[in-house]
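Accompanying notes for the structure given below.
Derivation of every value follows stated rules applied to the coordinates shown; laboratory data play no part. Just so you know, these numbers come straight off a predicted model, no measurement behind them. With ideal geometry, Cβ positions are generated from the backbone for all residues, glycine too; neighbour counts draw on all protein chains shown.
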């Protein structure tokens, strides 16, 4: 299958054929979305953010990448309108936009579907679940230290 056949398959599978330019608020057109989806690390980050808000250190920990690399990708998403960020103490908490355009929502749904069949994405999700199990019950999910780290050796 050639490139145009692959694009047609993606458009057909993900239901993107009925999205019009009028549905791209704030310049969120397919070219912007596909540029954001054109890097494996960015796809992995989006997949994690699809599971809930996260701070940079947790994305870094799950993916095994440097803080600089993760921050660069999150900044890329922020300037293009895919994520929002809030500050909590010393952490920046990133989350997918609350009301994505129809085009972005369709592409994120397609990513979730495809990620379920990819061993790297499944491993990332399992690492995130394991990390979240270790959070202190009273702390925000994205900024809590694992319980073991909070107790001092005597």
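See the values below:
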| item | result |
| --- | --- |
| The stretch 64-113 versus the stretch 45-62: alpha-carbon centroid distance in Å | 9 Å |
| Residue 130 versus residue 39: modelled label distance in nm, points set 7 Å from Cα along the beta carbon direction | 2.6 nm |
| Ordering of 97-110, 75-88 by packing [mean C-beta count within 10 Å, highest first] | 97-110, 75-88 |
